Amino acid sequence: MAINSSIEVIKVSFILFAVGGGLVWSAIRRQRKIREVEDLASSKVDTAAQGLTELQGFAWSKVAGPKNLDGHELVYYSFQLQKRVTEGSGKNRRTTWRTVFSRGHFQPFYLVDATGLAVVDPASGEFLIDELRTRDWSFLSPVEKTFYLSNVVQTPVADFPPSNFLFGLFSSKFRIVENDLKEGSPVY
């Protein structure tokens, strides 16, 4: 009886240690990104130099962009549909994700701060956006699947959407990778 309880204590301790380690790793990663933004000097829009300048403010649409599932207008959007592909055989066998469809909205948008307004061209700028989401197609809800099929992936893609026959065991595996910036979001 005492042996079983000590084994349970060891299991719980191990799980708590793993969860704690994950939380510490996540906090260190976030802190590193926060310090990266805080340590860089940025200009106000009214005193910014011509050319490449670091600015901080809020994003507003210059051209009407796509909307996300929640109905928020996006000023920047990047979408990739990826298929899991197995290459080689034996010891040389490896599985990779190959992009089979991509779409984006990279039109210039406004950056607004307390001193003025500037036009930002996402094609030539560098952004710190940590909203990159990677999700397996099979885990999406039916509403999300319908949204992506009707609004984002509007052209035929081979083997897509995957079959749900026998819970999709024998169909191709797909995932979506998307990155966006909502209107009114803080930008650096």
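Descriptive notes on the structure:
- Over 25 Å apart at the Cα level, from the set LYS83/LYS145; LYS91/LYS145; LYS67/LYS145; LYS62/LYS83; LYS91/LYS173, are LYS91/LYS145; LYS62/LYS83.
- ³J(HN,Hα) computed for each position of region 81-95 - Karplus, 6.51 cos²θ - 1.76 cosθ + 1.60, integer Hz, glycine/proline x: 9, 10, 10, 7, 10, 9, 10, x, 8, x, 6, 8, 6, 8, 10
- The H on the amide N of VAL100, modeled in the peptide plane, is under 5 Å from the matching H of LEU81, GLN82, LYS83, each at least 5 residues off or on a different chain.
- Amide H contacts of LYS62 (H built 1.01 Å from N, in plane; Pro and chain starts excluded): TYR110 sit under 5 Å, all sequence-distant by 5 or more or on other chains.
- The H on the amide N of VAL187, modeled in the peptide plane, is under 5 Å from the matching H of GLY57, PHE58, ALA59, each at least 5 residues off or on a different chain.
- log₁₀ of I(q)/I(0) at q = 0.13, 0.29, 0.32 Å⁻¹ - region 74-119, Debye sum with one point per alpha carbon: -0.54, -0.99, -1.06
- Along region 134-142 the Karplus relation, 6.51 cos²θ - 1.76 cosθ + 1.60 evaluated at θ = phi - 60°, assigns HN-Hα couplings of 10, 9, 6, 4, 5, 8, 6, 6, x Hz to successive residues, with x for each Gly and Pro.
Readers should treat all values here as calculations from the given coordinates under stated rules, not as data from a laboratory. All of these numbers come straight from a predicted model, not from anything done at the bench.
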